[in-house]
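Report on one structure; see the data block that follows.
The values are calculated or read from the model by the stated rules, or taken from the named source; none is laboratory data. Quantities reported herein were computed from a predicted structural model and do not represent experimental measurements. FYI the Cβ positions are ideal-geometry reconstructions off the backbone, even for glycines, and counts take in every protein chain you see. Note: areas computed on protein heavy atoms with side chains; ligands, DNA, RNA excluded. Shrake-Rupley method; radii C 1.70, N 1.55, O 1.52, S 1.80 Å.
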Amino acid sequence: MPAPNPKKNNPERRIVFHVDMDSFFASVEVREKPELKGQPVIVGSDPREGSGRGVVSTCSYEARKYGIHSAMPISQAYRLCPHAVFLPVNMNLYAEVSAAVMELLRGFSEKFQQVSIDEAYLIPGPEVRNFEEAALYALRIKDEVQRQQRITCSVGVGSNKLVSKIASGFQKPDGLTVVRPEDVREFLFPLPVSKVPGVGERTAETLKEMGINRIEELANCNIQLLSERFGKIGLRLKQLANGLDFEEVIEKESIKSISRHGTFAEDTNDPVKISGSLDLLIESVHSSLLKHSFLFKTITLTVRFEDFSTYTRSKTLPIWTSDIFVIKRTAIQLLAEFIGRRKFRLVGVGVTKLRIRDEKQTLITDF
Ligand SMILES: [Mg+2]
């Protein structure tokens, strides 16, 4: 009998880490101003010492004890804890710390994927052969982040992205949770369905109406029922609830732009046809943006006429966004100068200057 290949078909071999910085913005502020240590710290837009009209971006764990959480209006946070320290968002500083943390994490990775300003998945090199070694490796990562950046993170280790992501949130702050493949169901089943990434308030509400509150109930739910309610997503939900996730850890830094082009079946100068095609291309660009959690700053329009002469026009916005209406409006503006007698052969639209979205600054998207 041939010797078993330890790498092939070995479920232990797939080890995914999810690293999530603890109350990132607040932790960076406390690091910069040590006198804030141990105090309820609230970082938000337009805080004005609690009288502003903004929302909470992040708050320290001391503030969470008062029931304060991300996306809560500053005014409400103030009512819950008037003596908290209210600070404005200093994104340049957080981006700098984030870049340093991500660079450090990359050094621990064979494959690396940043998913937001303070979160990343990584797959360690072959020196991590099993889950015992993974636990030690995770401790090394945590120590190194603490030593170099003086902030804490929580790490989840699992056999896929889903499990590691839920595990990193399991014992925050400064947590480490390792879920072995044989323990996945035991780990997931008691948790509320809202712990499944992508299940936002709306989906959780619908599931509740169906009598599904815990992951176990979702895992055992009839696929027919789920498909009727959620379409194609139904199967995905059931798979996730059973701990199944086949998504790869992918380095997104390599994606520099997202663009779509379409050639007309027949050359045309009909503005309705041209803008109609452009709309479809924009929708495709936009869904790809959302899928990758990107924001963009620059929109590019490409036009090719019947004689193959090709023109591009770009516009860079003052802000990062993922708003489809901004793409549409800008593309139409850029298109205006080309609409006329000459016939189009092709039209294209793209976005560049991409950045990974910070989840705390945007609304949660439901399935
Ligand atoms: Mg975090």
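Just checking, does segment 91-109 include any residue being of a type outside the set (Asp, Glu), over 21 Å from Arg355 (Cβ atoms) and surrounded by 14 or more Cβ atoms within 10 Å (Cβ to Cβ)?
The first filter runs over segment 91-109 and keeps only residues of a type outside the set (Asp, Glu), leaving 91-95, 97-102, 104-109.
Narrowing the set further to residues that are over 21 Å from Arg355 (Cβ atoms) leaves 107-108.
Going one step further and asking which of them are surrounded by 14 or more Cβ atoms within 10 Å (Cβ to Cβ), we end up with 108.
Looking through segment 91-109, at least one residue is of a type outside the set (Asp, Glu), over 21 Å from Arg355 (Cβ atoms) and surrounded by 14 or more Cβ atoms within 10 Å (Cβ to Cβ).
Taking every residue in segment 152-178 that is within 21 Å of Val30 (Cβ to Cβ) and pairing it with any residue that is part of a strand (DSSP E or B) and charged (D, E, K, R), at least 6 positions away or on another chain, the pairs with Cβ-Cβ distances below 7 Å are Cys153/Asp20; Ser154/Asp20; Ser168/Asp20; Gly169/Asp20. For segment 271-293, state whether one or more residues are out of contact with any Lys or Arg (no Cβ under 7 Å at 6 or more places or on another chain), without any contact (Cβ under 8 Å) to a residue 12 or more places away in the chain, open to solvent by 90 Å² or more (accessible area, probe 1.4 Å) and more than 30 Å from Phe108 (Cα to Cα). Yes, because at least one residue in segment 271-293 is out of contact with any Lys or Arg (no Cβ under 7 Å at 6 or more places or on another chain), without any contact (Cβ under 8 Å) to a residue 12 or more places away in the chain, open to solvent by 90 Å² or more (accessible area, probe 1.4 Å) and more than 30 Å from Phe108 (Cα to Cα).
Does Leu162 meet the test of being touching a helix residue (DSSP H, G or I) at 6+ places or on another chain (Cβ under 6 Å) and under 11 Å from Phe17 (Cα atoms)? Give the derivation first.
On the way: touching a helix residue (DSSP H, G or I) at 6+ places or on another chain (Cβ under 6 Å): yes; under 11 Å from Phe17 (Cα atoms): yes.
Yes.
If you filter segment 236-278 down to residues that are assigned to a strand (DSSP E or B) and of a type in the set (Val, Ile, Thr), you find that the one that is farthest from Arg214 (Cα to Cα) is Thr268. Pairing residues of segment 314-340 that are over 29 Å from Met91 (Cα atoms) with residues that are of a type in the set (S, T, N, Q) and outside any loop (DSSP other than H, G, I, E, B), at Cβ distances under 8 Å and at least 6 apart in sequence or on separate chains, gives Ile332/Ser275; Leu334/Ser314; Leu335/Ser275.
For segment 56-90, the tally of residues that are at positive phi and open to solvent by 60 Å² or more (accessible area, probe 1.4 Å) stands at 1.
Scanning segment 166-178 for residues that are assigned to a helix (DSSP H, G or I), over 30 Å from Lys33 (Cα atoms) and either more than 16 Å from the ligand (Cβ to nearest atom) or not β-branched (Val, Ile, Thr) (or both) gives a single hit, Ala167. Applying the criterion of at least 1 residues that are of a type outside the set (A, V, I, L, M) and within 16 Å of the ligand (Cβ to nearest atom) to the strands (runs of 3 or more DSSP E) found wholly in segment 15-113 leaves 16-21, 41-44, 56-59.
Quick check: anything in segment 215-234 more than 18 Å from the chain's Cα centre (by Cα), outside any helix (DSSP H, G or I) and crowded, with 18+ Cβ neighbours inside 10 Å?
First pass over segment 215-234, keeping only residues more than 18 Å from the chain's Cα centre (by Cα): 215-234.
With outside any helix (DSSP H, G or I) added as a condition, the list becomes 220-222, 231-232.
So of that shortlist, the ones also crowded, with 18+ Cβ neighbours inside 10 Å come out as 221.
Yes, the conditions are met somewhere in segment 215-234.
Determine, yes or no, whether Phe108 is at pLDDT 95 or above and not assigned by TED's automatic domain parsing to the domain that holds Ser57. For Phe108, the condition - at pLDDT 95 or above and not assigned by TED's automatic domain parsing to the domain that holds Ser57 - is not met. Would you check if Ser154 is crowded, with 22+ Cβ neighbours inside 10 Å, under 24 Å from Leu244 (Cα atoms) and within 14 Å of the ligand (Cβ to nearest atom)? Yes; evaluated as a whole, the condition is true for this residue. Cβ-Cβ contacts under 8 Å between residues 6 or more apart (or on different chains), taken from a first residue in segment 192-207 that is open to solvent by 70 Å² or more (accessible area, probe 1.4 Å) to a second residue that is among the β-branched types (Val, Ile, Thr) and part of a helix (DSSP H, G or I), are listed as Lys195/Ile166; Lys195/Ile215. When each of Tyr137, Tyr121 is tested for being among the aromatic types (Phe, Trp, Tyr), within 16 Å of the ligand (Cβ to nearest atom) and open to solvent by less than 30 Å² (accessible area, probe 1.4 Å), the lone residue that passes is Tyr121.
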